[in-house]
1. Looking only at residues in region 61-81 that are outside any loop (DSSP other than H, G, I, E, B) and more than 16 Å from the chain's Cα centre (by Cα), which one is modelled with the highest pLDDT?
2. I'd like the full set of residues that are assigned to a loop (DSSP other than H, G, I, E, B), farther than 18 Å from Ala104 by Cβ, touching a residue at least 12 places away in the same chain (Cβ under 8 Å) and among the charged types (D, E, K, R), limited to region 158-196.
3. Does Lys161 meet the test of being modelled with pLDDT under 95 and over 21 Å from Thr21 (Cα atoms)?
4. Quick one: how many residues across region 86-132 are touching a residue at least 24 places away in the same chain (Cβ under 8 Å), in a loop (DSSP other than H, G, I, E, B) and either buried (at least 17 other Cβ atoms within 10 Å of the Cβ) or of a type in the set (D, E, K, R) (or both)?
5. Quick test of your reading of the structure: Glu144 fulfils all but one of (1) modelled with pLDDT of 95 or more; (2) over 30 Å from Thr230 (Cα atoms); (3) in contact with a helix residue (DSSP H, G or I) (Cβ under 7 Å, 6 or more places away or on another chain). Name the failing condition by number.
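The values are calculated or read from the model by the stated rules, or taken from the named source; none is laboratory data. Predicted, not measured: the structure shown is a model, and the values here were computed from it. When we count neighbours, we look across all protein chains shown, and the Cβ atoms used for this are built from the backbone with ideal geometry, even at glycine.
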Amino acid sequence: MLDGLTITREAFARTVRLVTTARLRQSVMAGLVDTEDEFAALAELEGATSTRLAAQERGFESVSAAEFVYGVPHAKFINAAFAYAKPRALNRFNGPGRGAWYAALETETCLREVIFHMTEFLAQDGDFNAVVDYAEMHASLAGEYLDLRDHPDHPSLNRDKAIGYPAGNAVADAARAKGLNGVIYPSIRHIGGTCIAVLWPHAVQSVAPGDVIRLTWRGDRTPRVERGVTEAI
C-alpha cells in the first residue's frame, strides 16, 4: 500500500487546528447548580454521556484507552479529536471508528478547509445563515510521516470523496500499521497549503490556544471572516 510513496522525518514547531469555541466553554451544567457538591454530581452525570470521557476509560472502537494522553496541557482537545468521528462516514484519513488530529501549517489553510465543509453542511439544508466561532489550537509535530506532497495524483487526494476518502483511509491504515505518526499532504481546498493528519494522540505535542475567528454566513456560500474576536458566542 505504501510502496513508491515518500516517508519522511519532519519537525513542525507550530501547526494550527481550528476547533469550535463550544468546546472551550465551561460545562453547561454550571448554570444549573448552587454548590460545588451539586456541580460534582451533575458533572458525573454529564461525564457518563461524554464520548471523550467514556473513550478515555474504555477505549473508542479502534482507539484503545491506553492510546489517549493524560497529564499534558489541553489533553482533552487531543483526545477529543480521536474519540469523535462522523457516524457511519469517512473523513479523508480516518473512518467512523477512529478520529484524527487534522492541522495545517497556516491558519488560512485551515480556514479554507473549514469553510468548505461548513458551507457544504449548510447546503444540505439549503439555508446559508449561520455564525460559528473557531479557536486556533497550535501544536508542534515531529517524527516519521507519510508525505504525499510529491504525490499530488495519489487517489487519496481526489476531490471526489467517493474516490479520495476510501483511498485515504486505506493508506492511513497502512501508515499507522507501520508506526508512522501521520500523513502530510497538499491541501485540497487551499492551493499551496500543507495539511497534516496526525494518526496517534501522543504525536500531538505542546498544544496551546490562539486567536478566535468568527465565520458569518448571511444568505450565500461565502462567509464573512473576522479574526481576533474577543468575545466568542
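1. Of the residues in region 61-81, the ones outside any loop (DSSP other than H, G, I, E, B) are 63, 65-67, 75-81.
Still in the list and also more than 16 Å from the chain's Cα centre (by Cα): 65-67.
Working: Ala65: 82, Ala66: 84, Glu67: 88.
So the residue we want is Glu67.
2. Restricting attention to region 158-196, the residues satisfying the condition of being assigned to a loop (DSSP other than H, G, I, E, B) are 158-160, 178-181, 187-193.
Subset that is farther than 18 Å from Ala104 by Cβ: 158, 160, 178-180.
From the residues that got through so far, the ones that are touching a residue at least 12 places away in the same chain (Cβ under 8 Å) too are 178-180.
Within region 158-196, just Lys178 meets the criteria.
3. Working: modelled with pLDDT under 95: yes; over 21 Å from Thr21 (Cα atoms): yes.
Answer is yes for this residue.
4. Filtering region 86-132 for residues touching a residue at least 24 places away in the same chain (Cβ under 8 Å) gives 90-116, 118-119, 122-123, 128-132.
This time we only want the ones that are in a loop (DSSP other than H, G, I, E, B), so: 90-100, 105-106, 128.
Subset that is either buried (at least 17 other Cβ atoms within 10 Å of the Cβ) or of a type in the set (D, E, K, R) (or both): 90-95, 98-100, 105-106.
The number of residues fulfilling the criteria is 11.
5. Failed condition: (3).
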